[in-house]
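Report on the following structure.
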Amino acid sequence: MVNLKDYLPFTGLLVFGNIENLILASQGAVAHVNPFILGVLSIIAVIMWLLIGTYGTKIAIKYADYIEIFGGLAIIILGIQSMLEAL
């Protein structure tokens, strides 16, 4: 049984990761990528992250602080990169 308290340390990554997915999807739309292919690839990525998150949380919970820092940094860097490319 999954306990939601196990996922609380990763809440920030969950929120900002979803925002990053929206940024990347809009970047793909601006680049005139086929929406069907973009949608299928997005669903595949979400399913992969769901599986990794579900099964990896028990292992990674002791490293939650480090994961939060590096994940947040990666999200910020990718967001800045996508904004610069959009300009």
Keeping the other protein chains in place, figure out the carbon and sulfur percent of the accessible area of the chain, with a 1.4 Å probe. 78 percent
Taking the Cα centre of the chain as the origin, how large is its charge dipole in debye, to the nearest 20, when only Lys and Arg (+1) and Asp and Glu (-1) carry charge on their Cβ atoms? 220 debye
With the chain treated as a Gaussian network of Cα nodes joined by springs under 10 Å, which of GLY72, GLY17, GLY56 yields the largest mean-square fluctuation? GLY56
Measuring with a 1.4 Å probe in the full set of protein chains, what accessible area per residue, in whole Å², belongs to the chain? 81 Å²
With Cα springs under 10 Å, the Gaussian network model of the chain assigns the largest mean-square fluctuation among ILE67, ILE75, ILE44 to ILE44
So what's the convex hull volume per residue for the Cα atoms of the chain, in Å³? 85 Å³
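The values are calculated or read from the model by the stated rules, or taken from the named source; none is laboratory data. Keep in mind it's a predicted model, so treat the numbers as computed, not measured. Methodologically, a virtual Cβ is constructed for each residue, glycine included, from the backbone with ideal geometry; neighbour enumeration extends over all protein chains shown. Accessible surface areas use protein heavy atoms only, side chains included; no ligands, DNA or RNA. Shrake-Rupley method; radii C 1.70, N 1.55, O 1.52, S 1.80 Å.
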